[in-house]
Amino acid sequence: MLQEASLYGFVRTILIIVLVYYAIKILTRFFAPYFMRYMSKKMQEKFEGQFGQQQQRQQPKQKEGETVIDKMPNRDSSSNNKVGEYIDYEEVD
């Protein structure tokens, strides 16, 4: 059984789409500031937590006037020492 599209059904569908669009737009204006405030507080807590953990790890290790090296250089001797064979040459006129 086939149903034919009617003008009433088409107008009703368009009207529902427009109403839903405007309802979402209005609700977003009301709730977006609260949502953004909530998200910024969560991010602030996360950053403070990471910063606090980092400070707690570094404080006991360091003493005043002590030099600290965070990363040791790579000691791969095969790549640095053997770049290639040196060939001595003279220019010929």
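Miscellaneous remarks
- Taken over the range 2-42, the residue count meeting the criterion of being more than 40 Å from the chain's Cα centre (by Cα), loosely packed, with under 10 Cβ neighbours inside 10 Å and of a type in the set (D, E, K, R) is 1.
- In the set Q44, Q50, Q3, only one residue is modelled with pLDDT under 85 and not in a loop (DSSP other than H, G, I, E, B); that residue is Q50.
The values are calculated or read from the model by the stated rules, or taken from the named source; none is laboratory data. Keep in mind the model is a prediction, meaning the values are calculated, not measured. No Cβ is skipped: glycine too gets one built from the backbone with ideal geometry, and neighbour counts run over all protein chains shown.
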